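Q: Below: one structure in structure tokens.
The values are calculated or read from the model by the stated rules, or taken from the named source; none is laboratory data. This one's a predicted model, so the numbers in the text were calculated from it and none came from an experiment. Backbone-built Cβ (ideal geometry, glycine too); neighbour counts: all protein chains shown.
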Amino acid sequence: MERIYFKIGIVFVLIGAIFYNSYFRNQKAVPAPVVAQKEEAIIITEEVGAVTPVVNTPEVLPAPESTKILIVGDIQLDRYIRKVGNMSGGDFIFSCIDPFLSDYNFVVGNLEGPITENTSISMGTVIGSPENYVFTFPTTSAELLARHNIEVVNLGNNHIGNFGMSGFSLTKEFLNIAGVNYFGGIIGDEPIYSRENISFVSYNEFGGQSPEKVAEIIKSEKQNGKIVIVYAHWGDEYIDSSPRLRGNATLFAESGADLVVGSHPHIVLSSEHIGNTAVYYSLGNFVFDQYWNEEVSTGLTLALDIKDGKINISEFPVTLHKDGRTCLKN
């Protein structure tokens, strides 16, 4: 009987050995995780043996954007231009040039007169008569400018005081309500306008601060790290007065102005560099009712691309049409 049990036990041992050998022969070996030798971060996933490299890519920052500004010449919204606005709407005056104005962060121009509630004196008057040169713009003028991206205006000129200090004050009120910024004016009230590290300084030969005082302001703004643009209302109408203006232009350039632009002659004058300063002695007209020859009906606009403290300037001539519109010159 014992021999029988012994034989049965041997049988079970043999069966167990066969089962053990068969089972473990079919199991795959589990490799140890492999550590990469490259300077890369690695992630070992929960699945045994899977290694995923993660490359440390440096963050790419967007390039700093430039500031794009368009500077235009004289804007006069009385006399015939006011008549056109009454008949066709103010937007008609800018309808041809509006797509171009919209391409810029903002547009800067010389507002050649006050915005008041007074009735026009000059509309319909005889050319050359005293009344023909007294300007007041409609109370909707500031909103009109804002709708066409003219967000900054120079008030330092010979017509801003046509209705006295009350007209000057009212002009600023209308501009403030419409969100149109301004600089310059009448002596004693000639603010600077700063935006995006750019300062606009006015020089008004006809009732403003002296060139020496303007030069001091330029130096101060430059010391504060500003790009300084001087808008000068100077010179003589319809003639090339740049030779006599060069002295003040040189003063402004040597004081630190990055750009000097002029208005008042109603024609486009020459430009030059004084040191590193670009000087445009007159941009001529932008919106004005002067059509008797090509000189007065042609203006110049300056497209500024400002980046890293440098100004790149492109010139775009415009034509003033007899229907009251201003368009890019073909």
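Q: Restricting to region 172-196, count the residues that are closer than 18 Å to residue 142 by Cβ and not in a strand (DSSP E or B).
A: 12
Q: Another question, if that's okay. Quick test for you: out of 199, 220, 169, pick the one residue that is in a strand (DSSP E or B) and of a type outside the set (A, V, I, L, M).
A: The conditions single out 199.
Q: Of all residues in region 281-296, count the ones that are part of a strand (DSSP E or B) and in contact with a His (Cβ under 9 Å, 6 or more places away or on another chain).
A: Count: 1.
Q: Would you check if residue 267 is within 13 Å of residue 74 (Cα to Cα), out of contact with any Leu (no Cβ under 9 Å at 6 or more places or on another chain) and not charged (D, E, K, R)?
A: Answer is yes for this residue.
Q: Can you give me the number of residues within region 108-125 that are in contact with a Leu (Cβ under 8 Å, 6 or more places away or on another chain) and assigned to a loop (DSSP other than H, G, I, E, B)?
A: Qualifying residue count, region 108-125: 4.
Q: Being touching a residue at least 40 places away in the same chain (Cβ under 8 Å) and assigned to a helix (DSSP H, G or I) is the filter; apply it to region 249-262 and report the residue that is surrounded by the fewest Cβ atoms within 10 Å (Cβ to Cβ).
A: Filtering first and then ranking leaves 251.
Q: Go through region 234-248 and give me each residue that's in contact with a Leu (Cβ under 7 Å, 6 or more places away or on another chain) and exposed (fewer than 13 other Cβ atoms within 10 Å of the Cβ).
A: Once the filter is applied, which keeps residues that are in contact with a Leu (Cβ under 7 Å, 6 or more places away or on another chain) and exposed (fewer than 13 other Cβ atoms within 10 Å of the Cβ), region 234-248 yields nothing.
Q: Further question: Could you list, in sequence order, all residues of region 297-312 that are polar (S, T, N, Q) and not in a strand (DSSP E or B)?
A: 297 - this is the single residue of region 297-312 that is polar (S, T, N, Q) and not in a strand (DSSP E or B).
Q: Looking at region 162-173, which of its residues are surrounded by 17 or more Cβ atoms within 10 Å (Cβ to Cβ) and closer than 16 Å to residue 119 by Cα?
A: If the condition is that a residue be surrounded by 17 or more Cβ atoms within 10 Å (Cβ to Cβ) and closer than 16 Å to residue 119 by Cα, then 162, 163, 167, 168, 170, 171 are the ones that fit.
Q: Let me ask you something else. Hey, can you tell me all the residues within region 126-145 that are closer than 17 Å to residue 165 by Cα and outside any loop (DSSP other than H, G, I, E, B)?
A: Result: 137, single match.
Q: For region 68-93, how many residues meet the condition of being out of contact with any Ser or Thr (no Cβ under 7 Å at 6 or more places or on another chain) and closer than 28 Å to residue 190 by Cα?
A: 5
Q: Quick one: how many residues across region 214-233 are among the hydrophobic types (A, V, I, L, M, F, W, C) and either more than 21 Å from residue 107 (Cβ to Cβ) or surrounded by fewer than 20 Cβ atoms within 10 Å (Cβ to Cβ) (or both)?
A: First pass over region 214-233, keeping only residues among the hydrophobic types (A, V, I, L, M, F, W, C): 214-215, 217-218, 227-230, 232.
Next, only the ones that are either more than 21 Å from residue 107 (Cβ to Cβ) or surrounded by fewer than 20 Cβ atoms within 10 Å (Cβ to Cβ) (or both) stay: 214-215, 217-218.
Within region 214-233, residues that are among the hydrophobic types (A, V, I, L, M, F, W, C) and either more than 21 Å from residue 107 (Cβ to Cβ) or surrounded by fewer than 20 Cβ atoms within 10 Å (Cβ to Cβ) (or both) number 4.
Q: Quick check on region 263-280. Is at least one of its residues buried (at least 16 other Cβ atoms within 10 Å of the Cβ), aromatic (Phe, Trp, Tyr) and either in a strand (DSSP E or B) or touching a Lys or Arg at 6+ places or on another chain (Cβ under 8 Å) (or both)?
A: Yes.
Q: Okay, moving on. With the condition kept exactly as written, say whether any residue in region 281-299 is of a type in the set (A, V, I, L, M, F, W, C), loosely packed, with under 13 Cβ neighbours inside 10 Å and modelled with pLDDT of 95 or more. I'd like the intermediate steps shown before the answer.
A: Of the residues in region 281-299, the ones of a type in the set (A, V, I, L, M, F, W, C) are 283, 286-288, 292, 296.
With loosely packed, with under 13 Cβ neighbours inside 10 Å added as a condition, the list becomes 292.
When the remaining residues are screened for being modelled with pLDDT of 95 or more, the result is 292.
So far as region 281-299 goes, yes, one or more of its residues are of a type in the set (A, V, I, L, M, F, W, C), loosely packed, with under 13 Cβ neighbours inside 10 Å and modelled with pLDDT of 95 or more.
Q: Can you name the condition, by its number, that residue 308 falls short on among (1) closer than 17 Å to residue 203 by Cα; (2) in contact (Cβ under 8 Å) with a residue 40 or more places away in the chain; (3) surrounded by fewer than 22 Cβ atoms within 10 Å (Cβ to Cβ); (4) not aliphatic (A, V, I, L, M)?
A: Unmet for residue 308, out of (1) closer than 17 Å to residue 203 by Cα; (2) in contact (Cβ under 8 Å) with a residue 40 or more places away in the chain; (3) surrounded by fewer than 22 Cβ atoms within 10 Å (Cβ to Cβ); (4) not aliphatic (A, V, I, L, M): (1).
Q: Now, a different point. Check 210, 202, 241 and return the single one that is hydroxyl-bearing (Ser, Thr, Tyr), in contact with a strand residue (DSSP E or B) (Cβ under 6 Å, 6 or more places away or on another chain) and without any contact (Cβ under 8 Å) to a residue 60 or more places away in the chain.
A: Being hydroxyl-bearing (Ser, Thr, Tyr), in contact with a strand residue (DSSP E or B) (Cβ under 6 Å, 6 or more places away or on another chain) and without any contact (Cβ under 8 Å) to a residue 60 or more places away in the chain holds for just one of 210, 202, 241, which is 202.
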